[in-house]
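Everything on this sheet refers to the single structure shown next.
Throughout, read-outs are computed from the coordinates displayed, never taken from laboratory work. Here the structure is a predicted model, which means the values were calculated and not measured. Cβ placement follows ideal geometry from the backbone for every residue including glycine, while neighbour counts extend to all protein chains displayed.
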Amino acid sequence: MLLLDLLYLTALGVASPYCAYKLLTQRKIRAGLKEKLGFVPPRHDQRPCVWFHCVSVGEVGLARELVRRFEQRFPAIEPVISTGTDTGRSAAEKSFPNHTIFYYPFDFSPCVGRTLRAIRPQAIVLMELELWPNLILTARRKGVPVIIVNGRITERNFRRLSRVRFLVEPLLNSLHTIAVQDADYARRITALGADPAKVVITGNMKYDTVKSEIPPDHPAYAAIRSLQAHPLLVGGCTWAGEEEALLRIYADLKRPCPGLGLVLAPKHAERLAEVRRLIERAGFASVELSSLKLRPQSDENDRIPPERVVLVDTFGELDAVYAAADIVFAGRSLTQHGGQNMLEPAALGKPVIFGPYTENFKEAAELLLAARAAIRVNSEAELHRQVAEFIDNPDPFLQAGAEGRKVIEAKKGTTERNIGLLEHIIA
C-alpha cells in the first residue's frame, strides 16, 4: 500500500498544476473535499453496518431498490451510502433521506483508513466494477469482505486492463465475491485473473429499477403532456453533436408535420446553456421544464406552442419525460460514448431508437433488438428516416414499444438474487 501511495503522489505531483486549476475553478471538484480526505463524521449507530458505494447518479438509481430490500431483510443492520460526485450525492440524499451519506475517499491509505474507522463496516458493496486498490487491500487486511454487485466490464476496458493484468489480478482475488450481469462479463473478469469460484452471474439490476408506469399527475409528465405537440420526440441523455442532429431533423420534419414537438435532455447539466444556444441557433425558442411545470396546466389559452423546444433542466424526472414521449432517441449512441440506458423508455412501452455505439449497454441493446423492440441507426440520416416513418405510420413502432415492455418485465429478479447473495455472505 505504501508503494501505491507513492505512485499516487508521483502522479499527483506531475498533474498538480492541472489539479489546482480544477480545484479553484470547479465547485464540483471541491464538493465534499473534507470527506474525500477521509474526515467522515463517525457513525454513532451501534448496529452492524454495510457500506454501499455508488459512483454517481446511475449507480444510486440501481442501489435504491437494493438498499430498500436489504433493509427489509436485515432490519438490524444499518446501510450507509457513499458517492463519488456532487450529482451522485444529491441523488443519494433524495433517494435515501434518512441514511448516512458521505463522499467516497481518495484512494490514499490514510484517507481510506480514516473512513473505515469512522464507518466501521461489516461488509462493503461496490456497484458495478469499482477497483480502488487501497480500499480493497485495506478492507481485506481488516477482514471486511468487499463484494461487487451488478458487475460489468466493457470490451474496451477489458483490453486496457489486460495490459496491466499483473496489477488487476491480485485486486480481483482480494474481493470476496464478484456478481456480474452476464456470461460475457464473467468471461472477461476471469480472463483478467479472477478466481472463477468468486464470480457469479446474477443478472442486471437495471431491469428491476426501471419503471413501467408513471402517475398521470406527476408534475413533469403533466407539464409535457400539456404541450400542443404531437407526436413528441424526446432525446434522452444526449451528448455534444446529438442535439444538433435532432434539431436538424426536427426543423426538417416540422414542415410536413407542424404538430411535431421536441424535448432535449442533455446528459450533463453543465451543458444546459450550450444546448439552449444550439436551440436558438437552429431558429427555435426554448422553454425549461422547470418553468413549464410552474405554468397552469388547465388554461387552454396559455399553453406553450409546439415551436418551443423543451429543455430538461430538472433532476431525476427523465422517466416521467419518457412517459410523456411518443418516440425516444437514447443518447450518447450516435457519438462514441458507449450509449445511454435505453431500458427506461422501453420499460414504459415507448418506441426506442439508438445509434451504433451502445457498448455500455450491450446486453440491453441486444435484448431489445432481438425482440424487435428497438431500432438501431448508424447515422443522422437513418435517424431522420426512422422518425419520418414513425410520423407516417406509427403502428409498427408502437408494437415494438409494447414488445420492449414485455421483455423487460420478463428479465426482472436480479435485485432479489443479489440480496440472497448478501444474505449468504453476511450469515
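Here are the numbers for the structure shown:
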{"read-out": "Beta bridges by DSSP in the chain, antiparallel share as percent, to the nearest 5", "value": "0 percent"}
{"read-out": "Net charge contributed by nearby residues that have their C-beta within less than 12 Å of residue 382 (K/R +1, D/E -1)", "value": "0"}
{"read-out": "Unit charges on C-beta of K, R, D, E only; dipole of the range 219-410, Debye", "value": "100 debye"}
{"read-out": "All lysines inside 23 Å of residue 36 as judged from Cα atoms, apart from same-chain residues fewer than 8 positions distant", "value": "22, 28, 94, 142"}
{"read-out": "Positive minus negative residues near residue 70 (Lys, Arg vs Asp, Glu; Cβ under 12 Å)", "value": "-1"}
{"read-out": "Distance histogram for the chain (every C-alpha pair counted, 20 angstrom bins, percent rounded to whole numbers)", "value": "24, 54, 22, 1"}
{"read-out": "Check: the chain dipole with +1 on Lys, Arg Cβ and -1 on Asp, Glu Cβ, in debye", "value": "1460 debye"}
{"read-out": "Ranking of 326, 86 by count of other Cβ atoms within 10 Å, fewest first", "value": "86, 326"}
{"read-out": "Exposure proxy ranking, count of Cβ atoms within 10 Å, fewest first, for 64, 47", "value": "47, 64"}
{"read-out": "Extent along principal axes [Cα atoms of the range 219-410; Å; largest to smallest]", "value": "45, 34, 30"}
{"read-out": "Expected 222 nm ellipticity per residue - DSSP helices of 4 or more, -39500 (n - 2.57), all of the chain, to 500", "value": "-14000 deg cm²/dmol"}
{"read-out": "Anchor residue 350: lysines whose Cα lies under 26 Å away (excluding residues fewer than 8 positions away in-chain)", "value": "206, 211, 254, 267, 293, 362, 406, 411, 412"}
{"read-out": "Relative contact order (percent, whole number), the chain, Cα cutoff 8 Å, 6+ residue spacing", "value": "12 percent"}
{"read-out": "Likely footprinting exposure, 407, 275, fewest C-beta neighbours within 10 Å first", "value": "407, 275"}
{"read-out": "Estimated distance in nm for a label pair at residue 369 and residue 212, the labels positioned 7 Å out from Cα along Cα-to-Cβ", "value": "2.6 nm"}
